[in-house]
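The values are calculated or read from the model by the stated rules, or taken from the named source; none is laboratory data. Model, not experiment: these values are computed from the prediction. As a convention, Cβ positions derive from the backbone with ideal geometry for all residues, glycine included, and neighbour counts pool all protein chains shown.
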Amino acid sequence: MEALGLLLYGFKVLMTWKILALMMVGLVLGIFVGVLPGLGGPNGVAILLPLTFTMDPTSAIVMLSCIYWGALFGGAITSILFNIPGEAWSVATTFDGYPMAQQGKAAEALTAAFTSSFIGSLVAVMLITFLAPGIASFALRFGPPEFFAVYFLTFCSFVGLGREEKHKTIISMALGLLLAGVGMDTVSGQLRMTFGLNELLRGINFLVAVIGLFGISEILLTMEERLALRGHAAAISLRVVLRVWMEMPRYWVTLLRSSVIGCWLGITPGGAIAASFMGYNLAKRFSNDPASFGKGRIEGVFAPETAAHASGTSALLPMLALGIPGSGTAAILLGGLMVWGLNPGPLLFVEHKDFVWGLIASMYLGNVVGLIIVLTTVPLFAAVLRVPFSAIAPMIVVSCAIGAFAIQNAMFDIWLMLVFGVVGYVFKKIGIPLAPFTLALVLGNRAEDSFRLSMIGAGGDLRVFWSNGLVGTITTLALILLLWPLISAAAARMKARNPLL
Amino acid sequence: MTSRVVDAVVSLLLLALAALLAFDNWRTGMGWDSTGPQAGYFPFYLSVILGAACLYGLVKEFVARKQPSGEFVTREQLGRVLQVFFPTLVFCLATQWLGLYVASFLLVAGFMIYVGRIAAWKSLLTALLFVLAMFVVFDIAFDVIMPKGPLEAFFGR
């Protein structure tokens, strides 16, 4: 197997003291970020990104992805002990996790959450190991029309599959694409939408926007809700861990089902949130005792955690193979790739083997080490939550400002961050989703370039997007997804009018 | 103020932005020339899409105007939000004149003392340790240079 050989090579890349140390630092920082209310995967990664600017790309991505794994693990701690989901995808974990903690079974719930996260990620990483190289080499044959079709598909699937009001998803996405276009036009060199402001010549940096949208706005929201932290103490003993592990094989169907759901939803942009709820609901539906869910059933922890992590991990597959992130955090990692001077897309597998396989190997290693760290240090991280929020909030603000400034050494970016913080706060309150905005902002330029290159190649003929079977299928699929809400509404109306259909 | 009103105001603002950007891109050139679409082509149509989506939202909120809508933010909540927003604003201003590290010290210590009502010595000590840790991590260990002010100049960094 070629993939296995390359994976071994990846492990060899990892085996230096420096990278291993960075992994540990990343994991601990990530758990910390995941535990703190008001921070989480995407903002944690965005804020800590500047730490990696002076590193080589491999060390940088290993550290960042470990922050991400850590944040995924950390989210479960707050859900179970404090009934506060650190992340949106941990919401489903609170349904049964918190009741378990109330019944004095916090250690069991935590062990179950960590272990099932581990299993979910492991399945997804294996999927990446064996599928990503194939997809990438297939994508090497893509020309601009194919790439534009894939970008278009990504955007359309947000509109078609998202749970938010459709026009709000479109607003968010169009705004992201527009802001991505500010500054110098990459094809003609003309200036656009700068209104004579020198600061806008460079364009609006994606990471600055993300730090404001997620970091600052989250602080504002957390202050508004005034979280009262009342948690349960927990320390995990080896005996409990072994007992939960002995119990696990009984739930193999749930674990497998959730992994599959997670992987599927992770690859299609839709994300971990939908996956965790779907995993939970399906486990409940197929259970022979659905009424016991929500009252502290261990299966109710296994199901959403496995699905959330499988999806969070597999979201990196399209990022690596095609340069299209499957989630907000993946989008930020992609932004990181560009900062370190790498060109995301299928060529990565050819030109930067050590980077790609180092990253994939670090996913295996990071998850194992992460599992050990969280199982042994839960009391420590739970104590973090007893630190008053009025001490943590200003520190998060400072970290956000450092992150925003460091990207381009510009004071203007700190102000921009503040503006995006307010925008993010208002958008979240009126239900305009932020994920499509993030994705559009990071992919905007490349989507536009591929569109214009296809147009130049085809002499302005839009039929180029149906010029061969592959690109035609993708474009048609994208249009169907875009119009899906209309199609399904029409179908429902037909059915209502004629119940026999 | 209800959420519906805020929703409508945001839609109007975005509509104005869409119109402004559409105009700017029309000026840049939104048509085709010998090399294909001009620089303003893509953003022009995006502005149109943005404007259309905002209009749709406005009409939708208008049609539903009789239905009850939740409060956007209560007075008490707004007070708490401003409690963190205002110091952040001052912090950004202070960063410009005093440098990031001094501004951070003031923000953390001030916020803990006045908003959190935590004992002054605890707050000052926490702020000092935090700022020193940041300085060591970013300025010394990772070579990421932050805006600096008179205090850093005094110490020759």
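Take the residues in the range B:118-157 that are in contact (Cβ under 8 Å) with a residue 12 or more places away in the chain, within 13 Å of chain A (Cβ to nearest Cβ) and among the charged types (D, E, K, R); name whichever of them is farthest from A:ASN409 (Cα to Cα). Don't jump to the end; show me each part of the working.
Going residue by residue through the range B:118-157, those that are in contact (Cβ under 8 Å) with a residue 12 or more places away in the chain are B:123-124, B:126-128, B:130-131, B:134-135, B:139, B:146-152, B:157.
Filter once more, so that each one left must be within 13 Å of chain A (Cβ to nearest Cβ): B:123-124, B:126-128, B:130-131, B:134-135, B:139, B:146-149.
If we keep only those that are among the charged types (D, E, K, R) as well, we get B:139, B:148.
Working: B:ASP139: 13, B:LYS148: 12 Å.
In this case the residue turns out to be B:ASP139.
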Checklist line | Subset of the range A:408-444 [part of a helix (DSSP H, G or I), surrounded by fewer than 20 Cβ atoms within 10 Å (Cβ to Cβ) and more than 10 Å from every other protein chain (Cβ to nearest Cβ)] | finding: A:GLN408, A:PHE412, A:VAL419, A:LYS428
Notebook entry, point to check: Going by the conditions given, is A:ALA149 farther than 26 Å from B:PHE44 by Cβ and either more than 10 Å from chain B (Cβ to nearest Cβ) or part of a helix (DSSP H, G or I) (or both)?
Noted result: no
Next item on the list: Looking only at the range A:21-42, count how many residues are within 22 Å of A:LEU380 (Cα to Cα), in a helix (DSSP H, G or I) and more than 14 Å from chain B (Cβ to nearest Cβ).
Entry: 9
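Residues are listed down the side, and each one gets a yes or a no for (1) surrounded by 13 or more Cβ atoms within 10 Å (Cβ to Cβ); (2) facing another protein chain (nearest Cβ under 7 Å); (3) touching a residue at least 60 places away in the same chain (Cβ under 8 Å):
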site	(1), (2), (3)
B:ARG4	yes, no, yes
B:LEU13	no, no, no
B:GLY57	yes, yes, no
B:LYS60	yes, no, no
B:SER69	yes, no, yes
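Just to be sure before I move on: is B:VAL90 over 25 Å from the mean Cα position of the chain (by Cα) and surrounded by fewer than 17 Cβ atoms within 10 Å (Cβ to Cβ) in the structure I sent?
Working: over 25 Å from the mean Cα position of the chain (by Cα): no; surrounded by fewer than 17 Cβ atoms within 10 Å (Cβ to Cβ): yes.
It is false that B:VAL90 is over 25 Å from the mean Cα position of the chain (by Cα) and surrounded by fewer than 17 Cβ atoms within 10 Å (Cβ to Cβ).
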Margin query: Tally up the residues in the range B:19-39 that are at the interface with another protein chain (Cβ under 8 Å from one of its Cβ atoms), under 27 Å from the mean Cα position of the chain (by Cα) and not charged (D, E, K, R), please.
Written below: 2
Note to self: For the condition closer than 18 Å to A:ALA3 by Cβ and more than 20 Å from the chain's Cα centre (by Cα), what is the one hit in A:LYS353, A:LYS284?
What the structure shows: A:LYS353
Check: Which residues, counting only those in the range B:93-109, are surrounded by fewer than 18 Cβ atoms within 10 Å (Cβ to Cβ) and facing another protein chain (nearest Cβ under 9 Å)?
Finding: B:GLN96
Next item on the list: Run A:LEU375 past the list (1) without any contact (Cβ under 8 Å) to a residue 12 or more places away in the chain; (2) touching a helix residue (DSSP H, G or I) at 6+ places or on another chain (Cβ under 7 Å); (3) farther than 27 Å from A:LYS168 by Cα and report the number of the one that doesn't hold.
Entry: (1)
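Out of all the residues in the range A:183-192, is one or more within 30 Å of A:ILE396 (Cα to Cα) and within 12 Å of chain B (Cβ to nearest Cβ)? Explain how you work it out, then say what you get.
Taking the range A:183-192 first, the residues within 30 Å of A:ILE396 (Cα to Cα) are A:183.
Subsequent filtering for residues that are within 12 Å of chain B (Cβ to nearest Cβ) retains A:183.
Looking for residues that are within 30 Å of A:ILE396 (Cα to Cα) and within 12 Å of chain B (Cβ to nearest Cβ), one finds at least one in the range A:183-192, hence yes.
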Checklist line | From the options A:ARG446, A:ARG386, residue that is more than 23 Å from the chain's Cα centre (by Cα), of a type outside the set (Ser, Thr, Tyr) and over 18 Å from A:ILE216 (Cα atoms) | finding: A:ARG386
Notebook entry, point to check: Yes or no: A:VAL123 surrounded by fewer than 24 Cβ atoms within 10 Å (Cβ to Cβ), hydrophobic (A, V, I, L, M, F, W, C), at pLDDT below 80 and part of a helix (DSSP H, G or I)?
Noted result: no
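Being out of contact with any Leu (no Cβ under 8 Å at 6 or more places or on another chain) and either within 14 Å of chain B (Cβ to nearest Cβ) or part of a helix (DSSP H, G or I) (or both) is the requirement here; does A:ALA393 meet it? Explain how you work it out, then say what you get.
Values: out of contact with any Leu (no Cβ under 8 Å at 6 or more places or on another chain): yes; either within 14 Å of chain B (Cβ to nearest Cβ) or part of a helix (DSSP H, G or I) (or both): yes.
In short, yes.
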Check: A:VAL350 is checked against (1) surrounded by fewer than 19 Cβ atoms within 10 Å (Cβ to Cβ); (2) in a helix (DSSP H, G or I); (3) within 14 Å of chain B (Cβ to nearest Cβ) and fails just one. What number does that condition carry?
Finding: (3)
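Residues of the range A:152-192 being among the hydrophobic types (A, V, I, L, M, F, W, C) and outside any helix (DSSP H, G or I), which ones?
Taking the range A:152-192 and keeping what is among the hydrophobic types (A, V, I, L, M, F, W, C), we get A:152-153, A:155-156, A:158-159, A:161, A:170-171, A:173-175, A:177-180, A:182, A:184, A:187, A:191.
If the condition is that a residue be among the hydrophobic types (A, V, I, L, M, F, W, C) and outside any helix (DSSP H, G or I), then A:VAL182, A:MET184, A:VAL187, A:LEU191 are the ones that fit.
Filter the range A:445-501 for residues that are of a type in the set (Lys, Arg) and within 14 Å of chain B (Cβ to nearest Cβ); which is nearest to A:ALA174 (Cα to Cα)? Can you show your working first?
Residues of the range A:445-501 that are of a type in the set (Lys, Arg), as a first pass: A:446, A:452, A:463, A:493, A:495, A:497.
Retained after the next criterion (residues that are within 14 Å of chain B (Cβ to nearest Cβ)): A:446, A:452.
Details: A:ARG446: 15, A:ARG452: 18 Å.
Out of the qualifying residues, it is A:ARG446.
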